[in-house]
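To start, the structure itself, in structure tokens.
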Amino acid sequence: MEKQDIKSLNLQQLTEAIATFSMPKFRAKQIYQWLHIQLVGSFDEMTNLSKKDRELLEKHFYITCLTPVEVLTSKIDGTKKYLFALKDGNIIESVLMRYKHGNSVCISSQVGCRMGCRFCASTLDGLERNLTASEMLDQIYRIQKETGERVSNVVVMGSGEPLDNYENLVQFIHLISNKDGLCISQRNITVSTCGIVPNIKKLADENLSITLALSLHAPNNEVRQGLMPIAKKYELSEVLSACQYYFEKTGRRITFEYSLVKDVNDNIEEAKALIQLISGMNCHVNLIPVNPIKERDFVQSNKENIEKFKKLLEKNKINVTIRREMGRDIDGACGQLRKRYLESSLNSKDAF
Ligand code: SAH
């Protein structure tokens, strides 16, 4: 019999699972709290359970526990980047950012990605596999345990497309915000998507209060299609009406992410078109100076253009911020650290 992933189960599923081998139901909550509050990595640490119960759990379940293989700390702002090894040897990356308002962790939702956005390092080798709910959770658990500091915010903006791993993402959100776990407020969770329309609508209907961030990156279909293959499948008008639906259902203001690429989407013309497109929507625009990756020749917009772009949006009463670059000295954007690690370990293997 194959062992079950215990950390991906919610309390009710766990209660049902242990009932099948006659363990008393009230044990479920104790076990759940060991996993999701004490963040233990083994059944032996569950000291208020009998040895027999621990052996039973060991027989039926495994505990997902990621292994850090590299941790880099920024000398500029204390940001920490983690490379974790999964049970099957795959490598993923997560980032801890320290802000005045609390600690925020950026997690990956897939190993690799199949969305193909032109400027993104995570997608260069395609999708390897989806992460389980427990693998998403454990990125946060290991970081909280290692630093001894509470994580209060989560952004699903690392490698992968969260809405391409829909069921596990929703399970993850329920588990991380559960009162018998780390109880991170759903209002402090942001999920970023390239714009998979049917799943944005589905997410709107889940009765969650998380923030949706939409990777917009262009004010028209033509430029967007040049940057993001998914834009060929879903027209901008469809994507925006799905966002509007999300706002109507949840009351949560949408964040639009706009990565500025020199001479591609950073002209005043594009800023004007963007204003036309989103004026009147309850939204916030996050401008991200593109982080160039060596495999592509995209160039970051210069400071002056970024400021001009921002000012025009502000003048037209659109909430806008420029994303602060965190951990600039420790391998920039999504997927770059993992990619560098995989390449260097491949090279060192070649040497033998
Ligand atoms: N799949 C999700 C999460 C991706 S990462 C999505 O598409 O939204 C979070 C954000 O960073 C996205 O807006 C993504 O388009 C952007 N991004 C990825 N690589 C980048 C880079 N090199 N420079 C700037 N932004 C980048």
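When we screen E135, E93 for residues that are closer than 20 Å to Q336 by Cβ, crowded, with 24+ Cβ neighbours inside 10 Å, modelled with pLDDT of 95 or more and of a type in the set (D, E, K, R), the only hit is E93. Would you please name the residue that is farthest from the ligand (Cβ to nearest atom), looking only at residues in the range 115-157 that are within 12 Å of the chain's Cα centre (by Cα) and without any contact (Cβ under 8 Å) to a residue 60 or more places away in the chain? Across the range 115-157, the extreme among qualifying residues is I140.
From the list R27, R54, the one residue that fits, being touching a Phe, Trp or Tyr at 6+ places or on another chain (Cβ under 6 Å) and over 21 Å from Q171 (Cβ atoms), is R54.
So that you can scan it fast, the table gives a plain yes or no per residue for (1) more than 30 Å from R340 (Cα to Cα); (2) in a helix (DSSP H, G or I):
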{"position": "M23", "(1), (2)": "yes, no"}
{"position": "W34", "(1), (2)": "yes, yes"}
{"position": "L56", "(1), (2)": "yes, yes"}
{"position": "K59", "(1), (2)": "yes, yes"}
{"position": "E70", "(1), (2)": "no, no"}
{"position": "I76", "(1), (2)": "no, no"}
{"position": "L83", "(1), (2)": "no, no"}
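Considering V261, V299, the condition of being aliphatic (A, V, I, L, M) and free of Cβ contacts under 8 Å to residues at least 60 places away in the same chain is satisfied by V299 alone.
Quick grid of which residues meet (1) surrounded by 12 or more Cβ atoms within 10 Å (Cβ to Cβ); (2) modelled with pLDDT of 95 or more; (3) among the charged types (D, E, K, R):
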| site | (1), (2), (3) |
| --- | --- |
| E257 | yes, yes, yes |
| I293 | yes, no, no |
| F309 | yes, yes, no |
| E343 | no, no, yes |
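Looking across the range 67-119, the residues that are farther than 25 Å from D5 by Cα and among the hydrophobic types (A, V, I, L, M, F, W, C) come down to V71, L72, I76, L96, M97, M115, C117, F119. For the range 164-178, indicate whether the set of residues that are within 15 Å of the ligand (Cβ to nearest atom), of a type in the set (D, E, K, R), crowded, with 16+ Cβ neighbours inside 10 Å and not in a helix (DSSP H, G or I) is non-empty. There is no residue in the range 164-178 that is within 15 Å of the ligand (Cβ to nearest atom), of a type in the set (D, E, K, R), crowded, with 16+ Cβ neighbours inside 10 Å and not in a helix (DSSP H, G or I). With the condition kept exactly as written, say whether any residue in the range 265-286 is in contact with an Asp or Glu (Cβ under 9 Å, 6 or more places away or on another chain) and under 30 Å from Q186 (Cα atoms). Within the range 265-286 (the criterion being in contact with an Asp or Glu (Cβ under 9 Å, 6 or more places away or on another chain) and under 30 Å from Q186 (Cα atoms)), the answer is yes, since at least one residue qualifies.
The one condition from (1) loosely packed, with under 14 Cβ neighbours inside 10 Å; (2) of a type outside the set (S, T, Y); (3) over 22 Å from I176 (Cα atoms); (4) at pLDDT 95 or above that P24 does not meet is (4).
Hey, which of the helices (runs of 4 or more DSSP H) in the range 198-257, taking only ones fully inside, have at least 2 residues that are away from the ligand (no atom under 16 Å from the Cβ) and either farther than 21 Å from N153 by Cα or among the hydroxyl-bearing types (S, T, Y) (or both)? Reasoning before the result, please.
Working: elements: 221-227, 230-233, 236-250.
Fully inside the range 198-257 and qualifying: 221-227, 236-250.
Restricting attention to the range 261-284 and to residues that are part of a loop (DSSP other than H, G, I, E, B) and not acidic (D, E), the residue that is surrounded by the fewest Cβ atoms within 10 Å (Cβ to Cβ) turns out to be G280. Report yes if N188 is more than 15 Å from the ligand (Cβ to nearest atom) and touching a strand residue (DSSP E or B) at 6+ places or on another chain (Cβ under 7 Å), otherwise no. The answer is yes for N188. Which ones in the range 285-319 are of a type in the set (A, V, I, L, M) and in a strand (DSSP E or B)? Matches in the range 285-319: V285, L287, I288.
The values are calculated or read from the model by the stated rules, or taken from the named source; none is laboratory data. This structure is a prediction, so every number in the text was calculated from the model and none was measured. Backbone-built Cβ (ideal geometry, glycine too); neighbour counts: all protein chains shown.
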